[in-house]
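Structure first, then comments.
The values are calculated or read from the model by the stated rules, or taken from the named source; none is laboratory data. Values in this document were obtained by computation on a predicted structure and should not be read as measured data. Virtual Cβ from ideal backbone geometry, glycine too; neighbours counted across all protein chains shown.
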Amino acid sequence: MSTKQKNQLFRTLEVPQTRKNKKTFDTSIRIDKVTTVEGSDKPLRIAQIAPPWLSVPPQNYGGTEAVISNLTEELVRQGHEVTLFASGDSQTNAELISYVDKGLIDAGFAWDNHSEADYHLINSFREIANNPEKYDVVHIHVSSTSDLHTLKLASQISVPHICTLHSRFPLDKREDFTGLADNYYLSFAQKTPMIAISERAKEDALESGFPVNIVEVVPHGLPDNHFLKKTVTERSHLAWVGKICRNKGTKYAIEAAVKAKRKILIAGVIDEYVPDSIDYFNEEVKPLLDKHPEYAEFIGSVNTAQRMKLLEGAYCFLNPIEWEEPFGLVMIEAMACGAPVISYKRGAANQLIKPGINGAFAASVDEMAELVESVGKNIDREKMVADTWDNYSVTRMAKRYVEEYEKVINTATANLRKSFDAIVVA
């Protein structure tokens, strides 16, 4: 099937869309030099395709959506023309195109309602397929099972594209992918240039057994206003932030705080669409909160400003993760706010934590409790914030993504030239 025929598949249904350009979204203040396609003096025209489950940025918890927002706003600041395909309640200085009014979770849809997610994704790609001249590159963000469909959809557009894997590949808690639909969608993985968000995430993807095309590792980055610019002398509480579930180790963070005799503030989201998370909170987390009110307090979900304030006052951030987490955005958020991280040695924590500089590793609850005082006293917090900026600023992240955009654009241009030359010779 020709590219023209493939693109024609997207033209069979007219779907209402909402276009917005919000110029009042508060971001930081730097304007950097525009990075352009090789041989061009024009800014890139970039389409960012976000999952539809949460707004961009998220109202409270949502690591993937926070990263998409950080990157999108930085690209706009640098002068690129960015179109963000996301839910209608998103806020951005880019052009916003939406097919759903609210993030699906806030609108009352469960995670397994893939048809609603498909509606957003199919129409986003249809818009690009119908108007390929408007875009130099498409950046796809994949974090949940429904997003696998984007690999198939991306194969049907003529615009160069790249994909960031925000979760462990192949994006599901199932142990096997043997269904015909699974194999069909995953067959497109080898044709899509993919970005991993950490070395550990890259290893997981390559070890998955599926033919994935990992072209680069690009860690997450934070905006200027996420980095502490003042001296905080009063730090007493410990902190834990995230989605309350077993693999995040919420229970162990509380147990470590109790043993260390320092109060921990738990800022978390209980996913009402995941029964295991509800049971975990009610059966294992809440009893500890009730038993040790002097050492543990649940403050519920927090937005970005509230999270930064919580972390700026934290003595340490406890991260007893129980899984191979592909990144862990909250770890660099804590470091940027001057709170060193004590973590189990799992997932990307191996890449993010530098013992003695920004935190420490613990092998158990007891060891985590024992490390609290020494880490809190001995880490140079100003140097930690500076080191985090050097490695995880949004400027650095955007620069690396633009380099990857250029590569796929230039590769597509070279391939097109070869095809044209072959036709001329023939």
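Quick look at the values:
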quantity	calculated
Hits in the stretch 375-384 - residues which are surrounded by fewer than 12 Cβ atoms within 10 Å (Cβ to Cβ) and not charged (D, E, K, R)	Asn378
Boolean, Ser146 is surrounded by 23 or more Cβ atoms within 10 Å (Cβ to Cβ) and of a type in the set (Gly, Ala, Ser)	yes
Answer from Tyr401, Tyr344, Tyr315 - the residue that is at pLDDT 95 or above, of a type in the set (Phe, Trp, Tyr) and in the same structural domain as Arg45 (by TED's automatic domain parsing)	Tyr401
So Ile214, is it surrounded by fewer than 23 Cβ atoms within 10 Å (Cβ to Cβ) and outside the structural domain of Ser374 (by TED's automatic domain parsing)	yes
Failed item in (1) in contact (Cβ under 8 Å) with a residue 12 or more places away in the chain; (2) under 19 Å from the mean Cα position of the chain (by Cα), with Lys251 passing the rest	(2)
Subset tally (residues that are surrounded by 20 or more Cβ atoms within 10 Å (Cβ to Cβ) and not basic (Lys, Arg)) for the stretch 229-251	9
Meets criteria (in contact with an Asp or Glu (Cβ under 8 Å, 6 or more places away or on another chain), under 30 Å from Val82 (Cβ atoms) and touching a residue at least 40 places away in the same chain (Cβ under 8 Å)) for Glu333	no
The stretch 357-382, residues that are more than 19 Å from Val241 (Cβ to Cβ) and part of a loop (DSSP other than H, G, I, E, B)	Ile357, Ala363, Ser364, Asp380
Leading residue by the ranking (farthest from the chain's Cα centre (by Cα)) among those in the stretch 341-352 that are buried (at least 22 other Cβ atoms within 10 Å of the Cβ) and over 14 Å from Tyr252 (Cα atoms)	Val341
Number of the condition not met by Asp112 [criteria: (1) crowded, with 17+ Cβ neighbours inside 10 Å; (2) of a type in the set (D, E, K, R); (3) out of contact with any helix residue (DSSP H, G or I) (no Cβ under 8 Å at 6 or more places or on another chain)]	(1)
Yes/no for Val258 being more than 21 Å from the chain's Cα centre (by Cα), under 30 Å from Pro287 (Cβ atoms) and not hydroxyl-bearing (Ser, Thr, Tyr)	yes
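Residue-by-condition table, conditions (1) touching a Phe, Trp or Tyr at 6+ places or on another chain (Cβ under 7 Å); (2) basic (Lys, Arg):
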position: Lys202; (1), (2): no, yes
position: Ala205; (1), (2): yes, no
position: Ser208; (1), (2): yes, no
position: Asn213; (1), (2): no, no
position: Val218; (1), (2): yes, no
position: Thr231; (1), (2): no, no
position: His237; (1), (2): yes, no
